[in-house]
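Taking it in order: structure first as structure tokens, then the write-up.
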Amino acid sequence: MNPLDIGEVARRSGVPPSTLRYYEEIGLISSYGRRGLRRQFDVDVLLKLSLIDLGKSAGFSLTAIAGMFGRDGELAIPRADLHAKADALQRQMVDLRILRDALRHVADCPAASHLECPSFRKLVKAASRGRVASGRRRKATDKV
């Protein structure tokens, strides 16, 4: 076993030492000892930090990510949660495409007034529906 001190983990993972200490404090990672004042980690911590980063990128909270690691450090990823997150990302992608199309149309529309342009009105209405529906979805998931 080649131990990594906190500085080496920070350098190799790109995660600042203060964040590593915080992750250890909340139980996401663990050091197995110290050499002087420096925490020592097993090399497997780098994979775990990558998984934490991936979970954060997907929009999971640190609490949810912590729940995906069992007490023994084994992964216990709830597949239903992953499906729900993937579905939410798909809806967000649709909303972002509509917004992108509206912005491009506004930038390129030859109409003297955007409010007189039927395409612009259609895009605004679609974007508004998406935002209202998204708000409803958020409220519904907040209750769960």
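The values are calculated or read from the model by the stated rules, or taken from the named source; none is laboratory data. This structure is a prediction, so every number in the text was calculated from the model and none was measured. Ideal geometry is used to build each Cβ from the backbone, glycine not excepted, and the neighbour counts take in all protein chains shown.
Consider segment 16-42 and keep the residues that are over 17 Å from PHE69 (Cβ atoms) and in a loop (DSSP other than H, G, I, E, B). The one that is modelled with the lowest pLDDT is LEU37. ALA88 fulfils the conditions (1) surrounded by 14 or more Cβ atoms within 10 Å (Cβ to Cβ); (2) closer than 25 Å to ASN2 by Cβ; (3) of a type outside the set (Lys, Arg) except for a single criterion, (2).
Given the condition assigned to a helix (DSSP H, G or I), touching a Gly at 6+ places or on another chain (Cβ under 6 Å), modelled with pLDDT under 95 and of a type in the set (A, V, I, L, M), answer yes or no: does some residue in segment 71-93 qualify? No, because not a single residue in segment 71-93 is assigned to a helix (DSSP H, G or I), touching a Gly at 6+ places or on another chain (Cβ under 6 Å), modelled with pLDDT under 95 and of a type in the set (A, V, I, L, M). Could you tell me which residue of segment 86-107 is farthest from the chain's Cα centre (by Cα), considering only residues that are farther than 19 Å from ALA58 by Cα and among the small types (Gly, Ala, Ser)? Looking at the filtered set, the residue picked out is ALA107.
Scanning segment 44-70 for residues that are modelled with pLDDT under 90, within 15 Å of the chain's Cα centre (by Cα) and within 19 Å of TYR32 (Cα to Cα) turns up just one, ALA66.
Filtering segment 43-70 to residues that are surrounded by 10 or more Cβ atoms within 10 Å (Cβ to Cβ) and not in a helix (DSSP H, G or I) leaves VAL43, ASP44, ALA58, GLY59, PHE60, SER61, MET68, PHE69. Taking residues in segment 94-116 that are in contact (Cβ under 8 Å) with a residue 12 or more places away in the chain and surrounded by 11 or more Cβ atoms within 10 Å (Cβ to Cβ), and partners anywhere that are part of a helix (DSSP H, G or I) and of a type in the set (Ser, Thr, Tyr), the pairs with Cβ atoms closer than 8 Å and at least 6 places apart or on different chains are ASP95/SER134; HIS105/SER119.
For segment 1-15, filtered to residues that are hydrophobic (A, V, I, L, M, F, W, C) and in contact (Cβ under 8 Å) with a residue 40 or more places away in the chain, the residue that is nearest to ILE65 (Cα to Cα) is VAL9. Residue count for segment 1-15, restricted to those that are surrounded by fewer than 18 Cβ atoms within 10 Å (Cβ to Cβ) and part of a loop (DSSP other than H, G, I, E, B): 4.
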